[in-house]
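The values are calculated or read from the model by the stated rules, or taken from the named source; none is laboratory data. This is a predicted model, so every value here is computed, not measured. So basically every Cβ, Gly included, is an ideal-geometry build from the backbone, and we count neighbours across all protein chains shown. Only protein heavy atoms, including side chains, enter the accessible area calculation; ligands, DNA and RNA are left aside. Shrake-Rupley method; radii C 1.70, N 1.55, O 1.52, S 1.80 Å.
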Amino acid sequence: MAHFIKRELETAFVHRFSHGTMPLINVFKNSFHYHMLSGLNLAYWIYGPSTAHGTPLAAKLSSPFLLALLTGIFLFAELSNLSTHITLRNLRPPGTRVRRIPYGYGFDLVSCPNYLFETLAWVAVSVMTRSLASVLFLVVSTGQMYLWAVKKHKQYKREFPDYPKSRKAMVPFVL
């Protein structure tokens with residue numbers, strides 16, 4: 001829930017969108033992704049009867065050390081994601097479509113550290129819950145973010161001749 005609350009608050013108070021609207025098909029695609037694949041799928045398999053207190057699966061998932069470590073990774077990734085969104089917002093003056101090369105935390109290695117950090121957060125959730133449902137959500141989300149990152153990376157390289165050559169799209173040193 002924390003991820004989705006953060007996302008709603010970012011949309012309302014942080015993001016500056018370059019386009020006034022989105023294609024109609026994206027409304028259905030995004031709704032399916034967040035409400036079905038995430039909402040219903042994750043809710044049933046993570047909070048459902050099979051993981052209730054006292055069940056064998058709940059006992060297997062209850063390592064205090066592992067829970068603390070993965071919660072720490074999740075919080076680090078979510079705060080890092082927020083930081084990159086604020087950096088991106090500060091590049092675009094209000095009411096404009098100005099685009100600049102982002103620099104700073106995460107941007108020295110990849111064009112889209114926001115996607116890298118969001119992926120890391122969902123890796124932590126997937127390991128924490130040990131649920132195939134969360135792994136499915138991780139794979140689908142990461143695949144979509146990777147496509148967006150590659151597109152954005154190519155766009156940056158095309159638009160800015162002085163764009164850093166060593167940056168990768170989403171995964172440092174690799175992709």
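So here's what we get for this one:
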item	result
Among the candidates L147, L109, L120, residue that is touching a Pro at 6+ places or on another chain (Cβ under 7 Å) and open to solvent by 50 Å² or more (accessible area, probe 1.4 Å)	L109
Sole exception among (1) of a type in the set (D, E, K, R); (2) open to solvent by 20 Å² or more (accessible area, probe 1.4 Å); (3) over 21 Å from I73 (Cβ atoms) for R130, by number	(3)
Search result, residues across the stretch 152-166 that are surrounded by 13 or more Cβ atoms within 10 Å (Cβ to Cβ) and free of Cβ contacts under 8 Å to residues at least 60 places away in the same chain	K152, H153, Q155, Y156, K157
Contacts under 6 angstrom Cβ, first residue in the stretch 92-114 being of a type in the set (K, R), partner open to solvent by 20 Å² or more (accessible area, probe 1.4 Å) and not in a loop (DSSP other than H, G, I, E, B), 6 or more apart	R100/L91
